[in-house]
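For reference, the structure is listed below as structure tokens.
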Amino acid sequence: MPIHEEHLIRPENIKTKDNLVIDGIDVSGHWSTFIESRVVTDYNEEMEEEIAALPGGEFIHRCWQCGSCTNSCTVNAINPEFNPRYWIYLIRMGMESELLRDKDIIWQCVSCNKCTYACPRDVFPEGVMKATSHWLELKGHTEKSPSMHFDEVFAEQIIETGKIEEGRTIRNFFKRTGQSLTQDWMIQMVKNLISNLPVKLLISMGLANVLRPKTRNWAAAGAAISEYAEEKQEEQREALGLTELVEMAKQETESLESKANS
Amino acid sequence: MSEKNEKYKKVAYYPGCALEGTGHAYNRSTKQVGKALGLELDEVKNWNCCGAMEVKNIDPKIQTYLSSRVLSIAANEMGHDVVMAPCNGCYHNLKKAEYDLEKDEKSKEVVERISKKAGHKTYEAGEVETIHALDWIKDAIGEEGLKERVKNNLNGMKIANYYGCMYTRPRHIFPEKDQGPGSESTLEPHFMDDLLEAAGAENVDFPLKTACCGGAHTLSDSDTSTKLVLNILKAAEASGAEVIATECPTCHSGLEMHQIRAEKKYGEKTNVKILYFTQLLGVALGLNAKQVGVHENVSHSMEFLKEKGLT
């Protein structure tokens, strides 16, 4: 007997028995599959609201669990554990510990927006995935994901110069995530590129490292973006109840410093 | 001649960051094709990055601002009413900014606030129309016009047209699509197919036209990207394609990079060629392969084009 809504149950909680007798009745074959019963006591009632307070998570409450997001999902097709519908369900139920079991893969959403296209309720599941991985990081459940590092390196460069110079972004990202730039496929790619190119273009590409592409008179825009971004971060910390923690940590550091000084 | 037809003959051109870097060949071929077709591109003055796929993850409204600044310069400082962006990411973000500024008061507030501090006029929704390079050629020249100008017929070259994600999704930011005959479809896009067919190509039935190449995580989660790209490359080959035609610098460099990575890491070799649709149109219009930057691609297609008698 297939279990309805199997997507919503962990495989280890599904028990199938070949031979089974219950209350003297032989139910082998047909009624042989059961969901292990369990008691959940650690509901986090704030979780949905907190994720909804982060950019992208705003419309999570609209979900009616049709499963179109998971059905259309690019990442789910290569990793069945990647299940947006299930995570939205867990978040709305407040089942934090269950969600945390998948904390290391949620950031892998590739933002292809197939889910957004398929969703009949305009939940914007892509946004919910981003908000959820952001929430996991802000709450300290996970380290910053490689993707978040990349976003930050990227945004910092735009705030500074208004433009992206890809070579620099790549170098900074590899540095920040402690990866080597000399991986065999990367070397092969550069070799392919160089074998075709005229010397003149190679020199001008080299110069791009010295003369960085920049938007002129960008300082005021960069400062205004930076100021706005900091305000938003403060708002998010507050929505997630982290402001107090940050304050406590600050005071502690200060008192430690003053002790060290005295 | 339709009204659109005339309007698209001279447009503001927003190349974006990638076209000055890894997508250099797309920039070169777009400009060359424009020239060969008698279309004028007026580059947006002192433009900035649109926010790409990354800034929205810091805050979506910063992306809206970044894109709105580009639109504001085109509309208010240059007096244009059309901006053409060949990069899917730029095109998508400008469209999204347009949508947000029309519908969302909070986005308007943030954009106004940052624009004021940055010292330029705030962009108002409706001041310019954003189009893709495909719309540009399709509407300004059209299939018939293209047929008249083709010098080197692509002669039945088998092409899989790959549109990627951001040209059609999410649907709500492209209100002009899915409007019946003549309009672009978000489910089965065909503008690139139409143009390349007019240039003499034989388009194969390719099921992964709008599949994702994993471009957002091309470096941060390379294994996922390699798997996704490998799917696309193999499906194109299985469909009988000799070439995958691209319309986005991120997709294009993703396909090239992970074609190599798939071979190095998983021993999966694919031979399908990867060319920008503007490079294919360019050689069909009689430009030589170097003029449209085929030598600047990572994957090697020079020999292939020579064999086909196209350069």
How big is the C-alpha Rg of the protein assembly as shown next to the rule-of-thumb value 2.2 N^0.38 Å, as a ratio? 1.04
Segment B:3-132: relative contact order in percent, alpha carbon pairs under 8 Å with at least 6 residues between: 28
5 angstrom amide H check on B:T130, placed H, neighbours 5+ away: B:V83
Express in % the proportion of alpha carbon pairs of segment B:3-132 at distances exceeding 21 Å. 37
Positive-pole candidate from A:A52, A:N71, A:F82, dipole of segment A:47-138, charges at beta carbon: A:N71
Hey, any idea what the orientation-averaged projected area of the convex hull of segment B:120-222's Cα atoms comes to, in nm²? 9.9
Extension length gain for B:E202 and B:R171 (0.36 nm per residue less Cα distance), in nm, is 8.4 nm
Search the structure for amide H atoms under 5 Å from the amide H of B:N161, placed 1.01 Å from N in the peptide plane, and list their residues when 5 or more places away or on another chain. B:V204, B:A245
Between helix B:222-238 and chain B: long-axis angle, C-alpha atoms, 0 to 90°, nearest 10: 50
3J(HN,Hα) from dihedral phi, segment B:19-27, Karplus parametrisation 6.51/-1.76/1.60, rounded to Hz, x for glycine, proline: 6, 9, x, 4, x, 3, 5, 6, 4
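Tell me the relative contact order for chain B as a rounded percent, counting alpha carbon contacts under 8 Å between residues six or more apart.
20
Report the gain in length on full extension from A:N261 to A:E160: 0.36 nm times residue separation, minus Cα-Cα distance, nm rounded to one decimal. Present the calculation step by step, with values, prior to reporting the outcome.
Values: separation 101, 0.36 × 101 = 36.36 nm, distance 3.61 nm.
Contour length minus Cα-Cα distance gives 32.7 nm.
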Once label points are set 7 Å from the Cα along Cα→Cβ at both A:E234 and A:N217, what is their separation, rounded to one decimal in nm? 2.9
Would you mind ranking B:T278, A:T253 by Cβ crowding within 10 Å, fewest neighbours first? A:T253, B:T278
Contour minus Cα-Cα distance for A:C66 and A:H30 (0.36 nm per residue): 10.2 nm
Calculate for the protein assembly as shown the 222 nm mean residue ellipticity that helices alone would give, adding -39,500 (n - 2.57) per DSSP H run of length 4 or more and normalising by residue count, nearest 500 deg cm²/dmol. -14500 deg cm²/dmol
Here the Cα Rg-to-2.2 N^0.38 Å ratio for chain B is 0.97
Taking just the C-alpha trace of chain A, give me its Rg and Dmax in Å. 24.8, 87
Calculate one ³J(HN,Hα) per residue across segment A:78-89 by plugging θ = phi - 60° into the Karplus curve 6.51 cos²θ - 1.76 cosθ + 1.60, and present them in order as whole Hz with x for glycine and proline. 9, 9, x, 5, 7, 9, x, 4, 5, 5, 4, 4
Rounded if a/c is under 1.5, else prolate if a/b is larger than b/c, else oblate: which is segment A:47-138, with a ≥ b ≥ c the root eigenvalues of its Cα gyration tensor? rounded
Within segment B:57-112, list the GluC sites (Glu not before Pro) lying in a DSSP loop whose Cβ has at most 11 other Cβ atoms in a 10 Å radius. none
Nearest 0.05, what FRET efficiency do A:E5 and B:N76 give at R0 = 41 Å with Cβ-Cβ as r? 0.15
Taking A:I187, B:I159 and counting other beta carbon atoms within 10 angstrom, the fewest-first order is A:I187, B:I159
Dipole of segment B:227-311, Cα-centred, from +1 at each Lys and Arg C-beta and -1 at each Asp and Glu C-beta, to the nearest 20 debye? 200
Quick one: which residues, 5+ away or cross-chain, put their amide H under 5 Å from the amide H of B:Y13? H built at 1.01 Å from N. B:D42, B:E43, B:V44, B:M84
Mean separation of Cα contacts under 8 Å (6+ apart) over length of segment B:1-41, as relative contact order %: 48
Taking the alpha-carbon distance from B:K306 and a cut-off under 15 Å, which aspartates and glutamates remain once sequence neighbours fewer than 8 residues away in the same chain are dropped? B:E242
Please identify, among B:G126, B:G164, B:G180, the residue showing maximal mean-square fluctuation in a Gaussian network model of chain B using a 10 angstrom Cα cutoff. B:G180
Just to be sure I understand the curve: with the Debye formula and one point per C-alpha of segment B:143-307, what is log10 I(q)/I(0) at q = 0.13 Å⁻¹? -0.62
Taking N as the residue count of segment B:65-185, its alpha carbon Rg divided by 2.2 N^0.38 Å gives 1.26
Can you sort A:S133, A:S97 so the residue with the fewest Cβ neighbours within 10 Å comes first? A:S97, A:S133
List, in order, the whole-Hz ³J(HN,Hα) value for each residue of segment B:194-207 obtained from phi through the Karplus relation with A = 6.51, B = -1.76, C = 1.60 and θ = phi - 60°; use x for Gly and Pro. 4, 5, 6, 5, 4, 7, x, 7, 10, 6, 7, 7, 10, x
Choice from B:K264, B:K56, B:K108 with maximal GNM fluctuation in chain B (Cα, 10 Å cutoff): B:K264
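No value in this document is a laboratory result; all are computed from the given coordinates. Everything numeric here is computed off the predicted structure, so don't read it as measured data. Backbone-built Cβ (ideal geometry, glycine too); neighbour counts: all protein chains shown.
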